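The values are calculated or read from the model by the stated rules, or taken from the named source; none is laboratory data. Keep in mind that what you see is a predicted model, and the values were worked out from it rather than measured. Counting neighbours? That spans all protein chains shown, and the Cβs are built from the backbone with ideal geometry, glycine included.
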Amino acid sequence: MARNTQVAADHNAPPVTRILAEYVAGHASRGWSDAVDNEAHRTFLNWLGCAVGAARHEAVDAALAAVQVLQPAPQATLLGRTEKVDIASAALLNGISSHTFDFDDTHLKTIIHPAGPVASAVLALAEHTGASGRAVLDALVLGIDVACRLGNTVYPDHYDRGWHITGTTGMLGAAAGCARLLGLDADRTAMALGIAASQPIGLREQFGTMTKPFHPGGAARAGLMAALMAQHGYTASPRAIEAPRGWAQVVSTKYAWNEVTDELGERFEISFNSYKPFACGIVIHPSIDACVQLRERGVQPGQIERIELKVHSLVLELTGKKEPADGLQGKFSVYHGCAAGLVFGRAAEEEFADDIVNRPDVVALRRKVVATVDDRIDEASADVTAVLMDGRREHVFVEHAIGSLQRPMSDADLERKFHGLSDGILGAERTSELLAACWSLGKAADVRALTRLARP
């Protein structure tokens, strides 16, 4: 039977793979502003706290048990744990732990969580080689730039098709960061990107399960291995990203090549990173923020007849689970997020514990949330009205949630979040030492001083 193989392909795409390879290999160390460098420190710190905080989660335990069957060499640290494993497995496991709580950084233009794949790969490799903190930060900035610029190229069509964009761009960012750390020239960096391009990882079907945090971990491992293979002479198509049968044109119907090249080396995507005050899907944050504000006005759960929630369609598409059965599902329930904001005035990891998600008063309150779609409302906004038993209506509209670029978390906010995640794993004193090491990472002669502090 004949097949119709005709594809509306772009045969005149610019040499994106080569452009990015030359950029990663040749851009000057710390070739950006102090503001960008500070954001790199903030990104690393936030990622590390998230990874330490989830170190003892059952998802990490299960993944580590599988890795240990392979009898890995003790090359690199598992953040927040005493065990050491080979560098590829460390990239995998630290990537998993950093995303398990859904508390990590977000590049809001694409909904990519960029540090998970890139930092997890780069730190594992840097610990093994004894690289400096400056080398790690250079690799982090450039790796995130590659991942997010390619995300800009294909978003939102790629995401709408069902790909989890963190994993499907993350392996390219991780490969770029590791190639930079290894000092590969442009030719071998292009090969690293080419090898990584054949390994997009992540389907949105997995949201609410342990496999969602596998995506950044799997991408970190894939990118690290791609760079190591390229270092040793393994080859790939030099047009693996842009060719008609290459990554971008296979995984998306949109490929805006200018997103790769516009202001390359002048505008850095890490500058658009944001950090979560709530441990759940980013599109729930405006609704939680609104419910916290209602609570601060004196609205009590027992007074509520119903909560009228108006949101963009994407919010219910991603987080429309009305009856989450456990904490992982709760992170994808705007209904549970609203209830948590009203009952607790916050939505940290504790509010997504299995027992909280199934607590009778929380279940009863989330069933009072009536959510409707209003696509006049931006996906980063929420319109919430509490209808009270006595007939009063309390209304809050959140245009930009706390943690967004418009209302960013301060350095002090990030430190409090880090302590909340890490104190129970490492102790408060050790956590303070680790925080100091994160803030001074750019001056560290060897990152192994930092990774030692990240072990109990």
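Restricting attention to the stretch 208-217, does a residue exist that is within 26 Å of G265 (Cα to Cα) and not basic (K, R)?
Yes: the stretch 208-217 contains one or more residues that are within 26 Å of G265 (Cα to Cα) and not basic (K, R).
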With respect to the numbered conditions (1) outside any loop (DSSP other than H, G, I, E, B); (2) hydrophobic (A, V, I, L, M, F, W, C); (3) surrounded by fewer than 21 Cβ atoms within 10 Å (Cβ to Cβ), which one is the sole condition not fulfilled by C338? (3)
Closer than 22 Å to G177 by Cβ and among the acidic types (D, E): does that describe D104? yes
For the stretch 58-75, does any single residue satisfy the condition of being among the aliphatic types (A, V, I, L, M), assigned by TED's automatic domain parsing to the domain that holds A222, at pLDDT 95 or above and within 30 Å of T17 (Cα to Cα)? no
Check whether at least one residue in the stretch 305-319 is over 22 Å from I377 (Cβ atoms) and not in a loop (DSSP other than H, G, I, E, B), and report yes or no. yes
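Any residue in the stretch 402-411 that is surrounded by fewer than 18 Cβ atoms within 10 Å (Cβ to Cβ), closer than 20 Å to S98 by Cα and not assigned by TED's automatic domain parsing to the domain that holds C338? Walk me through it before giving the result.
At the first step, the residues of the stretch 402-411 found to be surrounded by fewer than 18 Cβ atoms within 10 Å (Cβ to Cβ) are 405-408, 410-411.
Next, only the ones that are closer than 20 Å to S98 by Cα stay: 411.
When the remaining residues are screened for being not assigned by TED's automatic domain parsing to the domain that holds C338, the result is 411.
There is at least one residue in the stretch 402-411 that is surrounded by fewer than 18 Cβ atoms within 10 Å (Cβ to Cβ), closer than 20 Å to S98 by Cα and not assigned by TED's automatic domain parsing to the domain that holds C338.
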Meets criteria (crowded, with 24+ Cβ neighbours inside 10 Å, in the same structural domain as M171 (by TED's automatic domain parsing) and closer than 20 Å to A175 by Cβ) for A88: no
The number of residues in the stretch 359-385 that are over 21 Å from Q303 (Cα atoms) and in contact (Cβ under 8 Å) with a residue 12 or more places away in the chain is 10
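Is it the case that G49 is surrounded by fewer than 19 Cβ atoms within 10 Å (Cβ to Cβ) and in the same structural domain as R239 (by TED's automatic domain parsing)?
In short, no.
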Quickly run through the stretch 371-396 and pick out the residues that are under 18 Å from G341 (Cβ atoms) and loosely packed, with under 12 Cβ neighbours inside 10 Å. R393
Only one of I356, I425 that is in the same structural domain as H312 (by TED's automatic domain parsing) and crowded, with 16+ Cβ neighbours inside 10 Å: I356
Only one of R407, R392, R430 is closer than 19 Å to T106 by Cβ and free of Cβ contacts under 8 Å to residues at least 60 places away in the same chain; which? R407
Qualifying helices (runs of 4 or more DSSP H) (wholly inside the stretch 1-112; at least 3 residues being within 28 Å of I270 (Cα to Cα)): 16-26, 34-53, 87-100
M210 versus (1) buried (at least 19 other Cβ atoms within 10 Å of the Cβ); (2) under 17 Å from the mean Cα position of the chain (by Cα): which is the lone unmet condition? (1)
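Scan the helices (runs of 4 or more DSSP H) fully inside the stretch 134-251 and keep the ones with 2 or more residues being assigned by TED's automatic domain parsing to the domain that holds I111, of a type in the set (V, I, T) and under 12 Å from V118 (Cα atoms). Explain how you work it out, then say what you get.
Working: elements: 157-160, 165-182, 186-197, 211-231, 247-251.
In the stretch 134-251, 165-182 are the helices (runs of 4 or more DSSP H) which contain 2 or more residues that are assigned by TED's automatic domain parsing to the domain that holds I111, of a type in the set (V, I, T) and under 12 Å from V118 (Cα atoms).
Do we have G327 as without any contact (Cβ under 8 Å) to a residue 40 or more places away in the chain, within 27 Å of G424 (Cβ to Cβ) and not polar (S, T, N, Q) here?
For G327, the condition - without any contact (Cβ under 8 Å) to a residue 40 or more places away in the chain, within 27 Å of G424 (Cβ to Cβ) and not polar (S, T, N, Q) - is met.
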I'd like to check something: does the stretch 325-332 contain any residue that is under 16 Å from I282 (Cβ atoms) and not in a helix (DSSP H, G or I)? yes
Every pair of residues 6+ apart whose Cβ atoms lie under 9 Å, when the first sits in the stretch 172-195 and is among the basic types (K, R) while the second is surrounded by fewer than 24 Cβ atoms within 10 Å (Cβ to Cβ): R180/A25; R180/H27; R180/A135; R188/A25; R188/L182; R188/Q231; R188/G233
